[in-house]
Amino acid sequence: MQPPAEHVHWLFATGVLLLGLCLLAEGVVGTEIWRRRAWRAYLWPGLAFTLGVLMWPVMTFYTNSTIHMLAHGAWAEMLMLAGAVELALVRGKLHSQAWRLTMAAALVVSGLAFLVHEQNSWFFQRSSFLHHLMGWTLLFAAVFPLVRSVRPRSQTAVIGFALTFVVIAVFLYCDRDVAPVFGHISPLAGAPHR
Amino acid sequence: MNAELVSELEVPRQRTARARVVSAVGPLTALAGAIWAIAQPYRLTVLHPHGQGFWWLFVEPPLLVIAVGLFFYFAVVPGLLDDLEDARAASR
């Protein structure tokens, strides 16, 4: 009854896409208007925290090597930490904008986890390609929350941060268990299916 | 009959650029999902359900994208547009 690994990626992609759309809407209308309704203010931080919680069963049931397990554990911790800090900022338990650096740290750690745990080259197969791509995307995208913590009104930082999640969702939707990438697949990767 | 009320109702609601962008996000997302479904119909196992397991029928990425777009449009956007309009009215 356990879903195949690629289905788990797609389910997470759905959560990340919703997270990205909420961030995008907040960026467009402004934080003040976005937070006028309490449920909306807590929506995306709560979603990030929930995705972090859900990452733990993925770590437990889907990882087949130590480094793979550590990477999923790092994503779980970072998602929960970033979500919790944003929840505390919304709630007013935390005040300093410097706490937003947590999100930048989360993206850096998540990106590094992608790059470190992928042992194969870019064109080994699609998931290898996507791991490299997501790793570098997250590393570069960490600049958005970094700028946001210094200049909270920077529209470029807010929209860039939101689009990062939309792009990550697209990459996660592209994931397959074994599939070629741009026509390349290593014979060592196994037989592609679907 | 309150003529003033009628004239208020007939006045088309002028939307700001921000309101238009926010209103477009959900439909554009759903449209992307629909285009994906048309481009890769084999991703929709519901079209050929025979012999498919639960997860292959439950998790269909193009439908998930459409669902996110619709959820966003119907659950998040209406309240957001109201608040945007209230803020605009208050600033006048």
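The values are calculated or read from the model by the stated rules, or taken from the named source; none is laboratory data. Keep in mind it's a predicted model, so treat the numbers as computed, not measured. Here the Cβ positions follow ideal geometry from the backbone for every residue, glycine too, while neighbour counts run over all protein chains shown.
Structure values in brief
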{"item": "Flag if B:Pro41 is within 22 Å of A:Asp175 (Cβ to Cβ) and at pLDDT below 95", "result": "yes"}
{"item": "Only listed residue being more than 14 Å from chain B (Cβ to nearest Cβ), in contact with a Pro (Cβ under 6 Å, 6 or more places away or on another chain) and part of a helix (DSSP H, G or I), chosen from A:Leu70, A:Leu87, A:Leu81", "result": "A:Leu87"}
{"item": "Residue within segment A:19-37 that is farther than 21 Å from B:Tyr73 by Cα and either touching a residue at least 60 places away in the same chain (Cβ under 8 Å) or more than 10 Å from chain B (Cβ to nearest Cβ) (or both) present", "result": "no"}
{"item": "Residue check for B:Arg43: closer than 22 Å to A:Ile33 by Cβ and basic (Lys, Arg)", "result": "no"}
{"item": "Hey, B:Ala17 surrounded by fewer than 15 Cβ atoms within 10 Å (Cβ to Cβ) and either out of contact with any Cys (no Cβ under 7 Å at 6 or more places or on another chain) or closer than 19 Å to A:Phe12 by Cβ (or both) or not", "result": "yes"}
{"item": "Residue check, B:Ala39 aliphatic (A, V, I, L, M), free of Cβ contacts under 8 Å to residues at least 12 places away in the same chain and on the phi < 0 side of the Ramachandran plot", "result": "yes"}
{"item": "Qualifying residue in segment A:174-184 (condition: at pLDDT 90 or above, crowded, with 16+ Cβ neighbours inside 10 Å and part of a helix (DSSP H, G or I))", "result": "yes"}
{"item": "Options A:Arg153, A:Arg148: the member that is surrounded by 22 or more Cβ atoms within 10 Å (Cβ to Cβ) and modelled with pLDDT under 90", "result": "A:Arg148"}
{"item": "Filter result (assigned to a helix (DSSP H, G or I) and more than 13 Å from every other protein chain (Cβ to nearest Cβ)) within segment A:148-157", "result": "A:Arg148, A:Ser149, A:Val150, A:Thr156, A:Ala157"}
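Residue by residue, here is whether (1) surrounded by fewer than 16 Cβ atoms within 10 Å (Cβ to Cβ); (2) within 14 Å of chain B (Cβ to nearest Cβ); (3) closer than 29 Å to A:Arg37 by Cβ; (4) among the β-branched types (Val, Ile, Thr) holds:
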{"position": "A:Val116", "(1), (2), (3), (4)": "yes, no, no, yes"}
{"position": "A:Ser121", "(1), (2), (3), (4)": "yes, no, no, no"}
{"position": "A:Gly135", "(1), (2), (3), (4)": "no, no, no, no"}
{"position": "A:Leu138", "(1), (2), (3), (4)": "no, no, no, no"}
{"position": "A:Pro192", "(1), (2), (3), (4)": "yes, yes, no, no"}
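Conditions (1) more than 9 Å from chain A (Cβ to nearest Cβ); (2) crowded, with 19+ Cβ neighbours inside 10 Å; (3) not charged (D, E, K, R), marked per residue:
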residue	(1), (2), (3)
B:Ala39	yes, no, yes
B:His50	yes, no, yes
B:Phe54	no, no, yes
B:Glu60	no, yes, no
B:Ile66	yes, yes, yes
B:Phe71	no, no, yes
B:Phe74	yes, no, yes
B:Leu84	no, yes, yes
